[in-house]
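> Mind looking over this structure? Questions follow.
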Amino acid sequence: MLKGAIARRYAGAIFDLALKQNTLDRTLEDVKEIAALFAHRKLAYLLREPKISAKRKETAIREALASRVLPTSLNLALLIVQRELVDYMQNIATELEKLVLDYRNQAVAEITTAAPLDEKQQNLVKKALERKTGKNILMQTRVDPRILGGIVARVGDQVIDGSVRYRLAALRQSLLTEVSTASTDLFSEELAALSNNDHPAASDVTQPTQAQV
């Protein structure tokens, strides 16, 4: 929870700055690049190691990024290292992307199909998701034969599973539930029959009247 709150705070600060400077796209690219760089094993070790001087860390960051990112993005990277928040950088990049998407009323849809979609099919899926979400959809497609057919769409935390595999699993569960219910009903009938057989004599059993039949 704390890590998420810190990441959102830094992402919000760099977002506001980029908005004022009209550099949203470039800043988002920079922050993603910084996150990828900080995930590099050798550099990550250098940046986390307390025995390595702050000056050496700053030099390493400047050499790696000064010619590739905006000055504001470089300052963010230096600040993150100074405050020993290297492990937060990926979260900051993720939170910044969310802010940019929300600002533009966009959403990323991860589309999985058993076979590649042609352009017409992609447009149909895109329009359907835009109607459902009310956002401009950015499509990311991948192929996974294991879903057998249909489509699986993930938009943020929402998953729309229309795959054949899911429908088969749902059908199988439904059949199992029906079989279980039928078995329970049959068991109840058998108990009732046994209970009736426990009576000492048939004459003790009240015969139904014509109205009851």
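The values are calculated or read from the model by the stated rules, or taken from the named source; none is laboratory data. Only a predicted model underlies this, so the values are computations on that prediction, with no experimental measurement involved. We place every Cβ from the backbone using ideal geometry, glycine too, and count neighbours over all the protein chains shown. Note: areas computed on protein heavy atoms with side chains; ligands, DNA, RNA excluded. Shrake-Rupley method; radii C 1.70, N 1.55, O 1.52, S 1.80 Å.
> Which of (1) under 13 Å from Leu78 (Cβ atoms); (2) touching a residue at least 60 places away in the same chain (Cβ under 8 Å); (3) β-branched (Val, Ile, Thr) does Thr27 not meet, given it meets every other one?
(1)
> Evaluate the following for Gln140: is it surrounded by fewer than 13 Cβ atoms within 10 Å (Cβ to Cβ) and part of a strand (DSSP E or B)?
Taking the combined requirement at face value, the residue satisfies it.
> Would you pick out the residues in segment 59-87 that are touching a residue at least 24 places away in the same chain (Cβ under 8 Å) and either over 25 Å from Arg8 (Cβ atoms) or in contact with a strand residue (DSSP E or B) (Cβ under 6 Å, 6 or more places away or on another chain) (or both)?
Selection gives Ala64, Arg68.
> In addition: Can you confirm whether Asp118 is free of Cβ contacts under 8 Å to residues at least 24 places away in the same chain and charged (D, E, K, R)?
Yes.
> OK, next. Out of Thr133, Thr112, which single residue is open to solvent by less than 30 Å² (accessible area, probe 1.4 Å) and in contact (Cβ under 8 Å) with a residue 12 or more places away in the chain?
None of the other options fit; the residue is Thr112.
> Of the numbered conditions (1) closer than 17 Å to Asp161 by Cβ; (2) touching a Ser or Thr at 6+ places or on another chain (Cβ under 8 Å); (3) open to solvent by 80 Å² or more (accessible area, probe 1.4 Å), Leu117 satisfies every one except a single condition; which is it?
That leaves (3) as the condition not met.
> Condition (residue is more than 17 Å from the chain's Cα centre (by Cα), touching a residue at least 12 places away in the same chain (Cβ under 8 Å) and not in a loop (DSSP other than H, G, I, E, B)) applied to segment 100-107: is it met by at least one residue?
Checking segment 100-107: at least one residue is more than 17 Å from the chain's Cα centre (by Cα), touching a residue at least 12 places away in the same chain (Cβ under 8 Å) and not in a loop (DSSP other than H, G, I, E, B).
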